[in-house]
Amino acid sequence: MSGIIVVGAQWGDEGKGKVVDVFSAQADYVVRYQGGANAGHTLVVDNKKTVLHLVPSGILHTEATCIIAAGVVLDVETLCQEINALKEAGLLQNPKQLLISDSATVLLPYHRMLDQAREQSLGQEKIGTTGKGIGPAYEDRASRKAVLFGDLFNKEALKLKLDSALKEKNFLLENYYKTKPINLNSLLKQIAEWSEQLSVYRSKDTSLLIHKALKAGKKVLFEGAQGSLLDIFHGTYPFVTSSSTLAGSALVGSGIGPGTIQKVVGITKAYTTRVGSGPFPTECDDAIGEKICQVGNEFGSTTGRRRRCGWMDLVALKYAIRINGITNLALMKLDVLSGFEEIKVCTAYEIDGQNITEYPVSPGELGRCKPVYESFKGWKEDLTQVRMLKDLPRYAQEYVNFVGNQVAIPIDVISIGPGRDQTLWVKPLF
Ligand code: GDP
Ligand code: IMO
Ligand code: MG
């Protein structure tokens with residue numbers, strides 16, 4: 001059992017990229033298994049920032065092999081740009097560092113166009129997607145029309161698939177969304193360039209590779225994208241993404257069984273953020289929210305949008321722990337809470353005059369929930385230079401202990417800044 005799943009326990013942007021980068025020092029393989037370029041995972045090493053959308057966050061560790069597995073929707077244009085940027089920065093020199101499953105779903109420009117056109121047509125009702133084409137690409141997979149990564153290397157079959165896809169997409173784009181259609185030959189030309197660049201990373205069967213690695217006792221990290229509350233089945237539907245973001249999806253998306261998983265590490269901020277529309281009970285639409293946003297630099301890594309901010313929500317966190325089977329937590333961005341007189345934590349919701357502690361799955365109900373808070377004394381000290389747990393200020397320790405006791409699972413890691421070295425280990429990873 002040498003597989004570890006890293007999963008977002010909130011609405012995304014919890015700091016998964018940082019955690020996976022730090023954990024990757026001890027990993028043989030790092031696997032992205034769902035989502036696509038809607039993800040923005042930030043790594044900071046020696047003050048240098050790298051934002052990854054599709055390439056797994058183990059890429060800065062040259063000895064680890066990064067895998068993009070079947071469950072991912074692969075925006076081949078964005079991936080080429082990302083690889084070029086990594087190469088230019090001298091961060092990706094050996095093509096063996098990255099493998100792409102032949103079974104991954106290819107995301108093409110028309111998916112992005114459809115996503116954006118649909119959002120625009122929804123007006124006030126919009127989901128607030130990243131506009132990266134994620135929904136339309138997963139729709140193609142579900143309707144069994146998707147172009148798979150392996151198809152890119154069979155020109156005749158690809159042409160037939162695209163010809164048929166464009167008949168439908170262009171009809172929608174032109175007649176329903178009143179936008180420009182896509183030309184088959186120009187698209188084929190673009191795809192030829194992208195596939196030529198990506199061919200060196202092609203791997204027919206990453207499921208078999210991961211299976212063999214786990215069997216041989218190699219350490220495999222599974223890197224989740226988005227967060228539990230954005231899950232297509234168990235999140236705040238319809239204000240969710242189009243994939244299952246839960247730990248179970250690591251198994252399905254990579255093509256392995258559950259017996260190989262040693263632990264599931266849930267990533268949570270010491271407060272809560274959300275980008276896009278949908279209910280968010282602890283949102284602080286006031287000076288507190290603004291302060292968290294500014295101090296925490298809460299602007300999206302993919303779209304630059306301002307993230308909505310609020311206090312830690314233990315009802316939602318306990319729900320995420322349950323639906324993922326999270327065994328251990330990483331508590332991120334504790335440094336951002338320095339300087340608040342009072343820190344609040346939501347321990348229950350009030351709805352229709354009653355207090356509840358189980359997360360209501362209906363978004364309508366969740367939208368009517370008011371947070372019930374416990375208050376904590378804040379601390380003034382800057383935490384970003386702390387390197388030993390015992391040096392955390394007393395009130396910061398009390399806050400962490402309270403969260404740990406409430407969730408009743410161990411907090412393994414506390415993060416007090418974006419850098420690799422700003423990481424306090426409570427327990428070793430493996
Ligand atoms: P992800 O999508 O879960 O990988 O998270 P993002 O990269 O989108 O957003 C997390 C942001 O917080 C990034 O800008 C990180 O560099 C930053 N970050 C991560 N951990 C910490 C931390 O402990 N403290 C602070 N101040 N920033 C952090
Ligand atoms: P990482 O991996 C935060 C949100 C969007 C929108 C909803 C649907 O960086 O944590 P989509 O484009 O997926 O159809 O948008 O999901 N969303 C994210 N929010 N972090 C992400 O990824 C997200 N990926 C999608 O803002 O509300
Ligand atoms: Mg992000």
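The values are calculated or read from the model by the stated rules, or taken from the named source; none is laboratory data. The structure displayed is predicted, hence computed values, not measured ones. Here the Cβ is made from the backbone with ideal geometry for all residues, glycine too, and neighbour counts use every protein chain on show. In case anyone asks, the SASA skips ligands and DNA or RNA and just uses the protein heavy atoms, side chains included. Shrake-Rupley method; radii C 1.70, N 1.55, O 1.52, S 1.80 Å.
Quick check: is even one residue across segment 189-206 open to solvent by less than 40 Å² (accessible area, probe 1.4 Å) and within 21 Å of the chain's Cα centre (by Cα)? Within segment 189-206, one or more residues are open to solvent by less than 40 Å² (accessible area, probe 1.4 Å) and within 21 Å of the chain's Cα centre (by Cα).
Would you be able to say whether some residue in segment 322-340 is open to solvent by less than 10 Å² (accessible area, probe 1.4 Å) and of a type in the set (D, E, K, R)? Checked segment 322-340: no residue is open to solvent by less than 10 Å² (accessible area, probe 1.4 Å) and of a type in the set (D, E, K, R). Would you call Lys49 farther than 15 Å from Gln226 by Cβ, within 13 Å of ligand 3 (Cβ to nearest atom) and not in a strand (DSSP E or B)? Spelling it out, it is not the case that Lys49 is farther than 15 Å from Gln226 by Cβ, within 13 Å of ligand 3 (Cβ to nearest atom) and not in a strand (DSSP E or B).
Tell me the residue from Val45, Val31, Val51 that is surrounded by 22 or more Cβ atoms within 10 Å (Cβ to Cβ) and either touching a strand residue (DSSP E or B) at 6+ places or on another chain (Cβ under 8 Å) or in the same structural domain as Gly257 (by TED's automatic domain parsing) (or both), please.
Numbers: Val45 fails: surrounded by 22 or more Cβ atoms within 10 Å (Cβ to Cβ); Val51 fails: surrounded by 22 or more Cβ atoms within 10 Å (Cβ to Cβ).
Going through Val45, Val31, Val51 in turn, just one is surrounded by 22 or more Cβ atoms within 10 Å (Cβ to Cβ) and either touching a strand residue (DSSP E or B) at 6+ places or on another chain (Cβ under 8 Å) or in the same structural domain as Gly257 (by TED's automatic domain parsing) (or both): Val31.
Please work out if Lys180 is open to solvent by 50 Å² or more (accessible area, probe 1.4 Å), away from ligand 2 (no atom under 14 Å from the Cβ), assigned to a loop (DSSP other than H, G, I, E, B) and more than 24 Å from Val22 (Cα to Cα). Judged against the criteria, Lys180 is a match.
A residue that is modelled with pLDDT under 95 and crowded, with 16+ Cβ neighbours inside 10 Å occurs nowhere in segment 389-411. The residues of segment 54-68 that are open to solvent by less than 10 Å² (accessible area, probe 1.4 Å) and either away from ligand 2 (no atom under 16 Å from the Cβ) or part of a strand (DSSP E or B) (or both), listed by number, are Ala64, Cys66, Ile67, Ile68. Beta carbons closer than 6 Å, at least 6 apart along the sequence or on distinct chains, pair a first residue in segment 291-315 that is closer than 22 Å to Thr78 by Cα and within 13 Å of ligand 3 (Cβ to nearest atom) with a second that is among the hydrophobic types (A, V, I, L, M, F, W, C) and in a strand (DSSP E or B) for Ser301/Val51. Take Val386 and tell me if it is in a loop (DSSP other than H, G, I, E, B), of a type in the set (A, V, I, L, M, F, W, C), open to solvent by less than 40 Å² (accessible area, probe 1.4 Å) and more than 16 Å from ligand 2 (Cβ to nearest atom). Criteria met by Val386. The single condition among (1) more than 13 Å from ligand 3 (Cβ to nearest atom); (2) within 9 Å of the chain's Cα centre (by Cα); (3) part of a helix (DSSP H, G or I) that Gln34 does not satisfy is (3).
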